[in-house]
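Structure first, commentary second.
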Amino acid sequence: MSDLTNKVQPLQDFDWDEFEHGSHVNVSKEELDKAYDETLNKVSEHQVVDGTVIHVDKKEVIVNIGYKSDGIIPASEFRYNPELKEGDVVEVYVENQEDKKGQLILSHKKARLSKSWERVNAALDNQEIIQGYIKCRTKGGMIVDVFGIEAFLPGSQIDVHPIRDYDQFVGKTMEFKVVKINQEFRNVVVSHKALIEAELEAQKKEIISKLEKGQILEGTVKNITTYGVFVDLGGVDGLIHITDLSWGRVDDPHKVVELDQKINVVILDFDDEKKRIALGLKQLTPHPWDALDAELKVGDHVSGKVVVIADYGAFVEIQPGVEGLIHVSEMSWSQHLRSAQEFLKVGDEIEAVILTLDREERKMSLGIKQLKEDPWEAIEVKYPAGSKHTAKVRNFTNFGVFVELEEGVDGLIHISDLSWTKKVKHPSEFTQVGATIDVVVLDIDKENRRLSLGHKQLEENPWDVFEAEYTVGSIHQGTITELLEKGAVVSLEKGVEGFATPKHLVKEDGTQAALGEELPFKVIEFNKESKRIILSHSRTFEDAQREERKAAKKPRAKKEESVKLDNQPAATTLGDIDVLAQLKEKLEKGE
């Protein structure tokens, strides 16, 4: 203790009086203030300076900038840097040297903003790795705080793997690279994926260099799309196209695999340059055609489900991976062109007959009409000549009407067999498509699968009656129903029609008969075979006039003949008689 006392010596110039009484004998107050001020930094408002963090807690950060008081900054301004600690030097912006409480007001955020644009551009130029705080989600990605600037992080640039939960990144601080800056709008785009792509690229090259076609690898399902499944092979991705998932048809890949599922796949093909790897899943199992029942043959009945349908036919899966085509022509015995959708729909469970089977080509054709009896096999029994039936009008032609008696049994009614009396110019005048019509079978053409039918034959031939009623020379009332260049169609009683040429339409007053006019007509020709009646209105009054002239000329001719015989030479009398004979003959012929 004595040694320690001997070593400690009092200061020679220590002023004990000042220490005891607190008086400054040799130093003035002004000198003390000056000395105090010189020990502090010169700080101006709205200036960016460096400060030292002296305290950090959840609410605030206290920073010393060498001023007479320390500044307080909200901790939220440092959320991009969760590793902030005491002793760190940070930039601060002096907002106010003293507020009402005498407190120094600082802002770290404003300090960052004042220099952030230069720092962001420098980070892009130097490919610098920077830190950013993910503030929130936005459409297509995230908003990241970088140096106080709100930058955009696209969803595709968060990770090399597709992100299913964006919310898990909100509030996190991560490392980024600036990948794009729009100087005009001051938009900044950052990427986290870019930091790990270089490393992954090296891994991909190594993996691809070891790939071989036919190689079987284990992978993890990382994404499922409508066209296929992406599989992570350990740093490199491959695609299983939807057609390579199963030997059967797949409408939704989700029904075959699940996300994050570990599966074995076989390498089908790969591209060194584009880094594309084609994978297969179905190739790990034998082809279903190889396991098809060896006893199955043409003519056998099979059951299956319609998996695809088109206008020309339907594909039926009789077991996974084994399909047969039912062409539309094998769906019905009918020969009418129709669509497969009229008979089947996807998902139908049906029975069919095997029509062709090629195991080498792995093709099979099926039919469903064969499940029913072909109606033409015994057509003579069901539709014998002379039998009467009701048919449905399918379509028209200029020469007749095509009708259907039942599915697969068609017939033709010739236009001449529609009516005994009415002259039909086109079948549409007589009936319409979709209507029913009674028919009688006239003839059977089994080879061409067509019946010759008639409609008028359901009634007796009225021309047998017309022959006795419309005799040549008989007169009947008729109405002109149609005017043509060569004459007029005249409607007579009982629905029969006649024809009159223009010269036979001249009326007694010299005018021509008009459409719709009702007049008396004389039959001048009747042809039962061709069902033709030729009429004349003119002859109804011309023949009467001729008869009157003829009757008037007969007594006068006899008187003149007697006078001539008495008073003239014989030669003259004979000549006059010849002239009269010729005139008489002409009158009788109606000239």
| note | Percent relative contact order for the range 165-265, counting Cα pairs under 8 Å at least six residues apart, stands at 21
| log₁₀ of I(q)/I(0) at q = 0.12, 0.13, 0.21 Å⁻¹ - the range 432-505, Debye sum with one point per alpha carbon | -0.59, -0.66, -0.98
| said: I need the shape label for the range 278-410. Rule: rounded when a/c is under 1.5, else prolate if a/b > b/c, else oblate, with a, b, c from the alpha carbon gyration tensor. | reply: prolate
| note | Length gained if residue 172 through residue 79 is fully extended, taking 0.36 nm per residue and subtracting the Cα-Cα distance, is 32.6 nm
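So what is the diffusion coefficient of the range 363-500 in µm² per second by Stokes-Einstein at 37 °C and 0.692 mPa s, using a Kirkwood Rh over Cα pairs?
187
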| request: Jot down the radius of gyration and Dmax of the range 50-154, Cα atoms only, both in angstrom. | output: 15.1, 49
| task | In debye, nearest 20, what is the charge dipole magnitude of the range 339-403 about its Cα centre with +1 on Lys and Arg Cβ and -1 on Asp and Glu Cβ, if you could check? | result | 360
| query | Taking the Cα centre of the range 126-225 as origin and charging only Cβ (+1 Lys, Arg; -1 Asp, Glu), how large is the dipole, in debye to the nearest 20? | reply | 240
| remark: Spelling it out for residue 47: with amide H atoms placed in the peptide plane at 1.01 Å from N, the residues 5 or more places away or on another chain with amide H under 5 Å from its amide H are 94
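What percentage of the solvent-accessible surface of the range 135-212, computed with a 1.4 Å probe over protein heavy atoms, is contributed by carbon and sulfur atoms? Could you put the intermediate results ahead of the total?
Numbers: 2100 of 4500 Å².
Exposed carbon and sulfur together represent 47 percent of the surface.
Dividing the alpha-carbon Rg of the range 211-279 by 2.2 N^0.38 Å yields what?
This ratio for the range 211-279 stands at 1.03.
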| remark: Per the rule of 0.36 nm per residue minus the C-alpha distance, extending residue 381 to residue 216 adds in nm 52.8 nm
| remark: Checked against a 19 Å limit on the C-alpha separation, the offending pairs among 135/222; 388/422; 255/345; 255/282; 388/456; 425/522 are 135/222; 388/422; 255/345; 425/522
| In the range 257-368, carbon and sulfur make up what percent of the accessible area (probe 1.4 Å)? | 49
| task | Treat every Asp and Glu Cβ in the range 42-156 as -1 and every Lys and Arg Cβ as +1, leave all other atoms uncharged, and give the resulting dipole magnitude about the Cα centre to the nearest 20 debye. | result | 400
| Using the Cα gyration tensor of the range 189-309, with a ≥ b ≥ c the square roots of its eigenvalues, what is the shape: rounded (a/c below 1.5), prolate (a/b larger than b/c) or oblate (neither)? | prolate
| remark: For 231-243, 422-434, ranked highest to lowest by mean beta-carbon neighbours within 10 Å, the order is 231-243, 422-434
| note | Given backbone amide H placed at 1.01 Å from N, residues whose amide H is under 5 Å from that of residue 223, ignoring those fewer than 5 places away on the same chain, are 230
| message | Based on alpha-carbon centroids, what's the gap between the range 242-281 and the range 341-418 in Å, whole number please? | response | 45
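The values are calculated or read from the model by the stated rules, or taken from the named source; none is laboratory data. Just so you know, these numbers come straight off a predicted model, no measurement behind them. Cβ coordinates were reconstructed from backbone atoms using ideal geometry, including for glycine residues, and neighbour counts include every protein chain displayed. Heads up: the accessible areas ignore ligands, DNA and RNA and are worked out on the full protein's heavy atoms, side chains in. Shrake-Rupley method; radii C 1.70, N 1.55, O 1.52, S 1.80 Å.
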